[in-house]
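Novice: The following block contains the structure, expressed as structure tokens.
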Amino acid sequence: MTPLTERRRKEIATLSRRKGRDLLGQFLIEGLRSVSSAVQARAPLVDVVVSESVKDDPQVGGLLARLQCPAFRAPDRTVERLGDVQASQGILAVASLPGSADIDPGAVRRLLLLDGVQDPGNVGTLLRSAAWFGVEHVVAGPGTADFHGTKVVRASMGAIWDLTLSESEDLAALAVRLRGAGFEVRAADMRGVPLAEWTPADRVALVLGAEAAGLSPAVRAACSGFVTIPASGSLAATESLNVAAAAAVLLARMAAS
């Protein structure tokens, strides 16, 4: 491994912001497990940076032996500052951003549409559940956390490599187009039909809104129906399920249909 150059360090430092990611066409992956998942998936890695204190670790060495991109070493403090976590594992990778992905309604059966889900941890967990339950394509509407932000990538636990991801400036128009192509566009909503009464169609797009604001009016109007997960028993203080927890329940229902 060669030392990380100052020029490359400065470039990687910009990847913590959306502007930097878009400018370079790259994004950051942190931690041994996340980098291992990327290598396993043969992701388009640009380079890998390893701290001095872990470069001789057997696990790291085994990972480096499988790389098909350059690897650099850097002082521990440099790697910590480039990353986003408080306790750095001493390894990070940079990958190329994927190109824009259009939806081919005839080639997919399960989609997830995110309407302004802002929390990166929730979005990453949603991607993880989507991949696990067989969703093929996830779309971020306006206001949704960037799929390639560091926190989202970390929380997805490798799911970004098992999904097609895209963005839409007009999620309502997309929902209408999917309905026209024969999809059931079903949104999670407290006023929907109970989960036990919902039998998902053969092709479904599940829509999830932000926890605080819910669905935007235009997206709500574009949906073909709504579904809710009723609480068991009487609750005095618990308002609702976390959006990522609710999604796992709904996606499991879709996968079983």
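The values are calculated or read from the model by the stated rules, or taken from the named source; none is laboratory data. Keep in mind it's a predicted model, so treat the numbers as computed, not measured. Cβ placement follows ideal geometry from the backbone for every residue including glycine, while neighbour counts extend to all protein chains displayed.
Novice: Only residues that are of a type in the set (A, V, I, L, M, F, W, C), out of contact with any Ser or Thr (no Cβ under 6 Å at 6 or more places or on another chain) and closer than 18 Å to D170 by Cβ: list them for segment 127-146, please. Quick ask: steps written out before the conclusion?
Specialist: Going through segment 127-146, the residues of a type in the set (A, V, I, L, M, F, W, C) turn out to be 127, 130-133, 135, 138-140, 145.
Filter once more, so that each one left must be out of contact with any Ser or Thr (no Cβ under 6 Å at 6 or more places or on another chain): 130-133, 135, 138, 140, 145.
Across segment 127-146, the qualifying residues are V138, A140.
Novice: Which condition number does I229 fail, the rest of (1) within 30 Å of R33 (Cα to Cα); (2) crowded, with 18+ Cβ neighbours inside 10 Å; (3) touching a helix residue (DSSP H, G or I) at 6+ places or on another chain (Cβ under 7 Å) being met?
Specialist: I229 satisfies all of (1) within 30 Å of R33 (Cα to Cα); (2) crowded, with 18+ Cβ neighbours inside 10 Å; (3) touching a helix residue (DSSP H, G or I) at 6+ places or on another chain (Cβ under 7 Å) except (1).
Novice: Which of the residues spanning segment 81-117 are more than 30 Å from G214 (Cβ to Cβ), surrounded by fewer than 18 Cβ atoms within 10 Å (Cβ to Cβ) and free of Cβ contacts under 8 Å to residues at least 60 places away in the same chain?
Specialist: Passing the criteria: Q86, A87, G99, A107.
Novice: Against the conditions (1) surrounded by fewer than 19 Cβ atoms within 10 Å (Cβ to Cβ); (2) out of contact with any helix residue (DSSP H, G or I) (no Cβ under 6 Å at 6 or more places or on another chain); (3) in contact (Cβ under 8 Å) with a residue 12 or more places away in the chain; (4) not in a strand (DSSP E or B), where does A38 fall short? Just the number, please.
Specialist: Here A38 clears every test but (1).
Novice: What number of residues in segment 197-218 are over 23 Å from P120 (Cα atoms) and acidic (D, E)?
Specialist: 2
Novice: Considering T78, T125, which residue is in the same structural domain as S36 (by TED's automatic domain parsing), hydroxyl-bearing (S, T, Y) and in a helix (DSSP H, G or I)?
Specialist: T78
Novice: Would you check which residues across segment 148-176 are closer than 16 Å to D102 by Cβ and not aliphatic (A, V, I, L, M) and list them?
Specialist: Within segment 148-176, T164, S166, E167, S168, E169, D170 meet the criteria.
Novice: Turning to a different aspect of this structure: I'd like the full set of residues that are surrounded by fewer than 14 Cβ atoms within 10 Å (Cβ to Cβ) and either assigned to a strand (DSSP E or B) or touching a strand residue (DSSP E or B) at 6+ places or on another chain (Cβ under 6 Å) (or both), limited to segment 194-208.
Specialist: Kept after step one, since they are surrounded by fewer than 14 Cβ atoms within 10 Å (Cβ to Cβ), are these residues of segment 194-208: 194, 196-197, 199, 202.
Correct list: P194 only.
Novice: Is there any pair with a first residue in segment 61-80 that is within 17 Å of P44 (Cβ to Cβ) and a second that is assigned to a loop (DSSP other than H, G, I, E, B) and among the aliphatic types (A, V, I, L, M) whose Cβ atoms are under 8 Å apart and which are 6 or more apart or on different chains, and what are they?
Specialist: A71/M1
Novice: Another question, then. Would you check which residues across segment 131-153 are over 9 Å from the mean Cα position of the chain (by Cα), buried (at least 20 other Cβ atoms within 10 Å of the Cβ) and part of a helix (DSSP H, G or I) and list them?
Specialist: Matches in segment 131-153: A131, T150.
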